[in-house]
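Everything on this sheet refers to the single structure shown next.
Nothing in this text is a laboratory measurement; each read-out follows from the coordinates by a stated rule. All values reported here derive from a predicted model rather than from experimental measurement. All Cβ positions, even for glycine, are placed from backbone atoms using ideal geometry, and neighbour counts span all protein chains on display.
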C-alpha cells in the first residue's frame, strides 16, 4: 500500500469548507468564531466565485416582530409541507444574519446611516447590497480573521474513516497537484446543479450533492425546485421587470398572455421572470405551431421601456432592466425599440440537496452542508421570493459553521484511512488510464437533452420521464468511455458525472411522487394527494445504486397544525 | 462556442477574469501579462469574466457542445 503523502499533498485543518460562495463564506466566518483552524476551498478564485456576486444583490429581511406571521404564511402557502423548525429558524435568523453580514463587511444600501429596509410584501422586506463586490468584501474579513483559503482546487470526493467524514480529495487545476485534506469537520457548500446550460448560474455543477451521495449521505427533495425562467434566447439572460410580459407575442404577432391569461392584461400585475404562467403560455403557443415567441418593444422610447420594469421596490428592477438594455445594445447589437427579440424558457437549476437537520448536519458523521448543496424543506418545495436564496445561503452557512466549529473545538482529528483514500483517488483518476472514445462535452450535451425540455422536466409524466432517464443512462454509459489527458479533462469528466447524477435523482424522485405539489407537476397525477404523499422523498446510495425512501412530514411535532 | 469574443487589445492584465474563472479557462500570459484563453473547451459560460472585467473585454455565449443549445420546447 502507498503512503498517503505519495498520493498527494496532504493538508490538515479543523474545519474544511468546500465552496467559498455565500454559504461557504458565511460558514467559514462563523466556524472561525470557535477559535479553530478553518480552511476554505473553491474551484474558482475566491472573491469572484459562486452565485451571489452575479445575482441581483437582494437580501430578504423580516422584522423580528413579524416572524410568527411570516412563518405561518409560509406554512399555510406550502400546505403544511414545510419543515416548520427550519422555517422558524429562517425567520428568526434573518435580522441577525443581515446585521452579521454588515459587520463582516457587506455594503448595504443605506439611508441616514442605517441599512435601508424596503417593503416587498406583507411581513416581508428586502435590503439591497453590492453584489459584485460582496464576496471580495467578505474575503477581506475572512483573511483578517485568519481563515486560510486555497482556490482553483476542484474537490471531487469526500474521505471517510470508519463511517465518519474526515476530509476530501481535490484536483489542483492550475498546479496539477492532487490535494488530500484531513479535517475534524467538513462543510459542503458548493451549490446545487446549474447544468452549465444557460448563462448565469452555470458554474455550479452538482458536485457537492454528488460527493455527499457517494460518501453515503442522504439527499432530499430532488423532485422540487427545478426552475425555468423566461429570457432572451441569444443573450442567455432574462430581462428583469414586471410588465414586459404584456409585450410577448407569437410568430403571428398575437399577444400571448392575453390569449391564455386575459385577466393579466387589465389592471396592474407583477409578473416576474420565473412566473410559471408565462413559461406555460410560451410552451402552449410553440406546441400549437405559433412559435417562436418574441418580446416586441418596437416603437417604445427608452423611458417607456424603463417604465415597464417598474416594481414595488422603487428603482430596483428598473436598474436591472436598464443593465440588460445596455447589454443588449453593447453585446448583442440589439436596440429593443426597433427590433423584436426572441424569448424562451431558460432551464436554470435543479433542486433538492443534502438533507440537513436544524444544526446543518447531514446524515453522515463529520459532514455538514449549507446553501444550495443542502436541503432543509423550510419552504416546503416552494420559494420564488427574491432575496430568500441569498438569505437561505447565509443562514444555513452560519448554522453549519457554528455547529461544525463547536464540534471541531471539542473533538480530535481522526486520520484518513489510507486504503479508502487510495480507492477514492484511483476512482477519480480512472479516466486518465483509458483512451477516450468521447469527449465529456458529449455527455453534458446529452444530460441537457434530458433535463432542459419542458415535456420531461416541467409537464412531467411517467412515460416521458422514463424516456428522459433512458437518455441519462445513455449519457452515463458514454461517460465510461470518456478519457482524460490531464486534470482539466478530469474536471470536465467529473462535472459531467455530477450533472448526470443530479438529473437521475430528479427524475427518480419525480417518478416516485405520484401527485402534483408546488413546482412538481405530473400530467398523469394532476392533483395534490395528502393522503399518500404528505412525505418527503430521500435518495441514498445502497449497493451502488440510488435507493429512494420516504419520510412522513412530522407535522404533529410542529407548532402549526392543518385545520387550525 | 462560449467565450465568443475576447478583446485582447483592451486587456490591462489586471487578472480579475483569471480569478473569476471557475474552470481555469483563463491564464495570464507570461510574456505580455495579458489574459489568454488557454482552455476554451472548458468554459461553462458562467459569465464571470464578462461580468467582472473592468474593461469589458469579454463576450460570452451560452451556446456550447454541438453549437446549438438544447431547446426547452
Exercise for the section: Please arrange A:275, A:524 by counting, for each residue, the other beta carbons lying within 10 Å of its beta carbon, fewest first. Expected result: A:524, A:275
Completion exercise
Rounded to the nearest 0.05, FRET efficiency between residue A:323 and residue B:68 (Cβ-Cβ, R0 25 Å) equals 0.40
Practice task
Give the angle, between 0 and 90 degrees and rounded to the nearest 10, that separates the Cα long axis of helix A:276-287 from the longest principal axis of the Cα atoms of chain A.
Solution key: 80
Fill in the blank from the handout: Averaged over residues of B:13-23, the number of beta carbons from other chains lying within 10 Å of each residue's Cβ is 6
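Apply 1/(1 + (r/R0)^6) to the Cβ-Cβ distance of residue A:143 and residue A:338, taking R0 = 41 Å, and write down the FRET efficiency to the nearest 0.05. If you can, show how the numbers build up before the last one.
On the way: r = 49 Å, r/R0 = 1.19.
About 0.25, to the nearest 0.05.
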Practice task
Find how much the distance from residue A:415 to residue A:466 grows on full extension, using 0.36 nm per residue of separation minus their present alpha carbon separation; answer in nm with one decimal.
Solution key: 14.1 nm
Problem - Whole-percent pair-distance distribution, where bins are 10 Å wide, for the alpha carbons of the stretch A:89-156 - result: 17, 40, 29, 12, 2
Problem - Whole-Å semi-axes of chain A's equivalent ellipsoid (Cα gyration tensor) - result: 37, 28, 25
Fill in the blank from the handout: Within 10 Å of the Cβ of an average residue in A:194-202, the count of other chain Cβ atoms is 6
Problem - For the stretch A:435-556, the spread of Cα positions along each principal axis, largest first, Å - result: 54, 29, 20
Fill in the blank from the handout: CD proxy, 222 nm, chain A: helix-only mean residue ellipticity via -39,500 (n - 2.57) per DSSP H run with n ≥ 4, per residue, nearest 500, stands at -11000 deg cm²/dmol
Problem - Kirkwood-Stokes translational diffusion coefficient of the stretch A:227-348, alpha-carbon pairs, 4 °C, 1.567 mPa s, µm²/s - result: 91
Problem - the stretch A:83-115 and the stretch B:13-29: distance between their alpha carbon centers, rounded to Å - result: 32
Exercise for the section: Give the dimensionless ratio obtained when the Cα radius of gyration of chain B is divided by 2.2 N^0.38 Å. Expected result: 1.12
Handout entry: Rounded to 10°, Cα long-axis angle of helix A:418-429 versus longest principal axis of chain A
Key = 40
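Against the 2.2 N^0.38 Å scaling, with N counting residues, where does the stretch A:91-238 land? I'd like the Cα-based Rg ratio to two decimal places.
1.30
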Completion exercise
Descending packing, highest mean Cβ count within 10 Å first, for A:115-126, A:12-23 is A:12-23, A:115-126
Completion exercise
Measuring from the longest principal axis of the C-alpha atoms of chain A, the long axis of helix A:487-512 (C-alpha) lies at a number of degrees, nearest 10, equal to 60
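Give the peptides A:139-149, A:484-494, A:50-60 in descending order of average Cβ contacts within 10 Å, highest first. Mind showing how you got there, number by number?
On the way: A:139-149: 16.0, A:484-494: 20.6, A:50-60: 24.5.
Put in order of decreasing packing, that is A:50-60, A:484-494, A:139-149.
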Handout entry: For the stretch A:198-216 and the stretch A:397-454, distance of Cα centres in Å
Key = 9
Practice task
Using a 10 Å cut-off on Cβ to Cβ distances, tally the other chain neighbours for every residue of B:38-51 and report the average as a whole number.
Solution key: 6
